[in-house]
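The values are calculated or read from the model by the stated rules, or taken from the named source; none is laboratory data. Since the model is a prediction, treat every value here as computed from it, not as a measurement. Glycine also receives a Cβ, built like all others from the backbone with ideal geometry; neighbour counts cover every protein chain displayed.
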Amino acid sequence: MLLISCPFCGPRPEDEFGFGGDATLINPKEDDNIQDVADYMFLRDNPKGWHKEYWFHRYGCRRWLKIERHTVTHEIKSVSPATEQNL
Amino acid sequence: MRYSFLSIAREALNSHKGWTEAWKKPQLQPHYDVVIIGGGGHGLATAYYLAKFNRGLRVAVLERGWIGGGNTGRNTTVVRSNYFLKANADFYEHSLKLWENLTQELNFNLMFSQRGVVQLCHSFHDMEALTNRYNALRLNNIDSDTLTREQLKVMVPDLNYDSDARFPITGAVIQRRAGVARHDAVAWGFARAASGLGVNIIENCEVTDIDVDMNVVTGVRTSKGNVRCDKIGICVAGHTSEVARLAGLKLPIETHLLQAMVTEPVKPFLHTAVASSALHCYISQTDKGELLIGGGIDGYNSYSQRGTWPKIEEVVSGAISMFPRLRGLRLMRTWAGVMDMTMDGSPIIGKTPIKHLYIDGGWCIGGFKAIPGAGWCFAHTIVDDEPHPLNAEFNLERFRTGRLLSEQGSGNTPHRQAH
C-alpha cells in the first residue's frame, strides 16, 4: 500500500488515487512526423528503478500530481502538482 | 530415463535409487548457434522446439534464477483459446491443440485437465456481447457454447443466483476444451525434454549485456562469462523492456503487477474455472482443494513481485459476490508476478530492428496458456528469420504501422488491458 503525500490534502492511501502513467512523455506538436507521434503513443522507458508518473487524486482534491516512485521498492521520492511548468 | 508405470514399479523395488536428474547441469560453452534468454515456460518451450525441429543446432537457455521461478510458477494455470480476433484465435487454438498432446509428447504429467472455462453473463447485453464473441469462436473452428441460467445452475450450483445480487447471473458462455494445468510441471517437462535433445540449460546465469556489431547480434555477456552466438531469443516476459534495453531497444511495454491467491483447501465443489468480467475475478479449485483466485492487475508500473492490499480486497470481494459460501474461508497465500503489458493487449513474437535478435514477450496477463504455441512459433521465427503465419501479426512493427491487435479496444493504456 502506497502512502502518497498529496501537496493539497496531506498523506493519503493509494486507493484514493488513479494512476496516469509515464510523466516523461511530451505531447507531440501538430507538425510532428507521424512516426514520432506513434513513438509518443506507444513506446515507454518502463524502467526498473525510479519512475516519473502521473497520479490523479480521484477521491480527494481531484488534482493531477507528478510523482517520482521506485518501481522495485515503491519508495516515493517526490510529489508535486502536475502544473504546466512542471511537465 | 523414460517415465512410465514400469519405471515406477522398477524403482519401487530398487528403493528409488535409480532415478536420474530430470535435466543436466552443463558448463556454459563459449559458442552457441542460438541463445535463449530466460528459462521459464516460454524460453524452455522455444529451446525444445528448436532442438526438436533442427537436430544438431546448438542451443542454450540462460536463466538468471532457477527454472520456472518467475511467472511460470506464479500464474493461475488457466489454458483457453476463447479469443475474438482471427490472429489471436488461430494462435491460441494452435497452442491449445499442442497442450492436448503435451503430456504424452514430453513424457511428463502436466495434469492438464480440460474441465472447461465458464464466463458469466450478468445482463441481457452481456449475454448478447459474449454470445457474439463465442459465435466468432465457432466461425474460427474453436469449440464454444452458451449456457442458460438453468444449465449453469446444474454445472456450477454454488454461484450466487439471487436476482437481487449486485450483478445478477443471467447465463454464461463456456469453452469446454479449456482447462487448467500443473504450472511447475510445464517448465520441468519442457526443461527435461529439451535437455534430452541436447539443449544446455544454464541456471543462475544472468545476462548483463548483449553484444551488437553493425546492427547484428554477436553474443551475450553473462555473470558466468561471455558467449558468442549467431542468434538471440528473448523470453523474459515481465522484464522484456530491461533486457531489450541492453541492445538499445525501447518497447511498447509497461511492467505491472498481477496478483493471485489461494484459500485453505476444502472438499471439491467447483469442477470448472469460472470468470466474471463485471466482478473482475476468476476462480478455479486446485486438485489440493484450494480455491485459486485471480483478478486484474494492480494498476501502476512495478517490478516488485509484491502485491498491494487494495487489490486483494477488491478481488476477494468479487470472489465472495460470485460464491457467497467462500465467505468463511481464510486465504493461505497471496503472491504477485510482473507482467509485460503491451499497448494493445496482444503479445509480441517476432523480429526486432536488430538482425538476429528476436523477442517473445508482451504477454500481458495471459502467457501461461501460450507456452507451447509461443515456443513453437518462436522457434520457427528464429530458424527461418521470418515469422510463421501464426505469429506474423504479433510483430513489433504494428506499433508503428497502426495495425494493432486489440481485443479490448481500450487504447494505449496498459493498466486498463485485461483479457
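The requirement of being under 30 Å from residue B:348 (Cβ atoms), at pLDDT 95 or above and not in a loop (DSSP other than H, G, I, E, B) is satisfied by residue A:67.
Would you confirm, using the coordinates I've provided, whether residue A:62 is more than 27 Å from residue B:242 (Cβ to Cβ) and part of a strand (DSSP E or B)? Give the derivation first.
Working: more than 27 Å from residue B:242 (Cβ to Cβ): yes; part of a strand (DSSP E or B): no.
Here the answer is no, as residue A:62 does not meet what is asked.
Among residues of the range B:47-88 being closer than 26 Å to residue B:262 by Cβ and among the hydroxyl-bearing types (Ser, Thr, Tyr), the one that is farthest from the chain's Cα centre (by Cα) is B:81. Checking each residue in the range B:118-152 for being surrounded by 15 or more Cβ atoms within 10 Å (Cβ to Cβ) and in a helix (DSSP H, G or I) picks out B:126, B:127, B:130, B:131, B:133, B:134, B:136, B:137, B:149, B:152.
Any idea which of B:207, B:216 is in contact (Cβ under 8 Å) with a residue 40 or more places away in the chain, over 26 Å from the mean Cα position of the chain (by Cα) and assigned by TED's automatic domain parsing to the domain that holds residue B:52? Don't jump to the end; show me each part of the working.
Working: B:207 fails: over 26 Å from the mean Cα position of the chain (by Cα).
That would be B:216, the only listed residue that is in contact (Cβ under 8 Å) with a residue 40 or more places away in the chain, over 26 Å from the mean Cα position of the chain (by Cα) and assigned by TED's automatic domain parsing to the domain that holds residue B:52.
Would you be able to say whether some residue in the range B:356-377 is away from chain A (no Cβ under 12 Å), part of a strand (DSSP E or B) and among the hydroxyl-bearing types (Ser, Thr, Tyr)? Let's see the steps before the verdict.
Initially, the range B:356-377 is screened for residues away from chain A (no Cβ under 12 Å), giving B:356-360, B:363-377.
From what is left, the residues that are part of a strand (DSSP E or B) are B:357-360.
When the remaining residues are screened for being among the hydroxyl-bearing types (Ser, Thr, Tyr), the result is B:358.
Looking for residues that are away from chain A (no Cβ under 12 Å), part of a strand (DSSP E or B) and among the hydroxyl-bearing types (Ser, Thr, Tyr), one finds at least one in the range B:356-377, hence yes.
Given the criterion aromatic (Phe, Trp, Tyr) and not in a helix (DSSP H, G or I), identify the matching residue among B:92, B:32.
Sole residue among the options that is aromatic (Phe, Trp, Tyr) and not in a helix (DSSP H, G or I): B:32.
Please find, within the range B:229-256, the residue that is farthest from residue B:327 (Cα to Cα) out of those that are among the aliphatic types (A, V, I, L, M) and at the interface with chain A (Cβ under 10 Å from one of its Cβ atoms). Break it down into steps so the answer makes sense when it comes.
The initial filter retains those residues of the range B:229-256 that are among the aliphatic types (A, V, I, L, M), namely B:232, B:234, B:236-237, B:243-244, B:246-247, B:249, B:251, B:253.
Next cut, at the interface with chain A (Cβ under 10 Å from one of its Cβ atoms) only: B:244, B:249, B:251, B:253.
Values: B:244: 44, B:249: 47, B:251: 42, B:253: 37 Å.
Only one residue fits best here, namely B:249.
Annotation: residue B:115 fulfils all but one of (1) surrounded by 21 or more Cβ atoms within 10 Å (Cβ to Cβ); (2) charged (D, E, K, R); (3) part of a loop (DSSP other than H, G, I, E, B); the unmet one is (1).
Counting only residues that are within 24 Å of residue A:71 (Cβ to Cβ) and within 11 Å of chain B (Cβ to nearest Cβ), which one in the range A:26-41 is surrounded by the fewest Cβ atoms within 10 Å (Cβ to Cβ)? Per the stated criteria, the residue is A:40. When the range A:42-78 is limited to residues that are in contact with a Cys (Cβ under 9 Å, 6 or more places away or on another chain) and surrounded by fewer than 19 Cβ atoms within 10 Å (Cβ to Cβ), the one that is nearest to the other protein chains (Cβ to nearest Cβ) turns out to be A:60.
Does the range B:235-250 contain any residue that is among the acidic types (Asp, Glu), under 30 Å from residue A:22 (Cα atoms) and under 22 Å from the mean Cα position of the chain (by Cα)? First the steps, then the outcome.
Restricting attention to the range B:235-250, the residues satisfying the condition of being among the acidic types (Asp, Glu) are B:242.
Then keep just the ones that are under 30 Å from residue A:22 (Cα atoms); that gives B:242.
Checking which are under 22 Å from the mean Cα position of the chain (by Cα) leaves us with B:242.
The answer is yes; a qualifying residue exists.
State whether one or more residues within the range B:265-275 are outside the structural domain of residue B:385 (by TED's automatic domain parsing), surrounded by fewer than 23 Cβ atoms within 10 Å (Cβ to Cβ), touching a residue at least 24 places away in the same chain (Cβ under 8 Å) and over 27 Å from residue B:82 (Cα atoms). Among the residues of the range B:265-275, at least one is outside the structural domain of residue B:385 (by TED's automatic domain parsing), surrounded by fewer than 23 Cβ atoms within 10 Å (Cβ to Cβ), touching a residue at least 24 places away in the same chain (Cβ under 8 Å) and over 27 Å from residue B:82 (Cα atoms), which makes the answer yes.
For the range B:309-325, state whether one or more residues are under 19 Å from the mean Cα position of the chain (by Cα), within 14 Å of another protein chain (Cβ to nearest Cβ) and either part of a strand (DSSP E or B) or surrounded by fewer than 20 Cβ atoms within 10 Å (Cβ to Cβ) (or both). Within the range B:309-325, not a single residue is under 19 Å from the mean Cα position of the chain (by Cα), within 14 Å of another protein chain (Cβ to nearest Cβ) and either part of a strand (DSSP E or B) or surrounded by fewer than 20 Cβ atoms within 10 Å (Cβ to Cβ) (or both). Just need a number here: residues in the range B:148-195 that are within 21 Å of residue B:279 (Cα to Cα), touching a residue at least 12 places away in the same chain (Cβ under 8 Å) and of a type in the set (Ser, Thr, Tyr). Residues flagged as within 21 Å of residue B:279 (Cα to Cα), touching a residue at least 12 places away in the same chain (Cβ under 8 Å) and of a type in the set (Ser, Thr, Tyr) within the range B:148-195 amount to 3.
Taking the range B:378-409, which residues are within 22 Å of the chain's Cα centre (by Cα) and at pLDDT below 95? Passing the criteria: B:404, B:405, B:406, B:407, B:408, B:409.
Scanning the range B:289-299 for residues that are over 18 Å from the mean Cα position of the chain (by Cα) and at pLDDT 95 or above, we see that the one that is surrounded by the fewest Cβ atoms within 10 Å (Cβ to Cβ) is B:289. For first residues located in the range B:115-143 and β-branched (Val, Ile, Thr), partners that are not in a loop (DSSP other than H, G, I, E, B) and lie 6+ apart or on another chain with Cβ distances below 6 Å form the pairs B:117/B:175; B:117/B:273; B:118/B:172; B:118/B:174; B:118/B:274; B:131/B:146; B:142/B:93.
Yes or no, residue by residue, for (1) closer than 25 Å to residue B:243 by Cβ; (2) modelled with pLDDT of 95 or more; (3) of a type in the set (Asp, Glu):
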position	(1), (2), (3)
B:18	no, no, no
B:23	yes, yes, no
B:30	yes, yes, no
B:41	yes, yes, no
B:46	yes, yes, no
B:55	no, no, no
B:59	yes, yes, no
B:70	yes, no, no
B:114	no, yes, no
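The one condition from (1) in contact with a helix residue (DSSP H, G or I) (Cβ under 6 Å, 6 or more places away or on another chain); (2) surrounded by fewer than 16 Cβ atoms within 10 Å (Cβ to Cβ); (3) more than 9 Å from every other protein chain (Cβ to nearest Cβ) that residue A:1 does not meet is (3).
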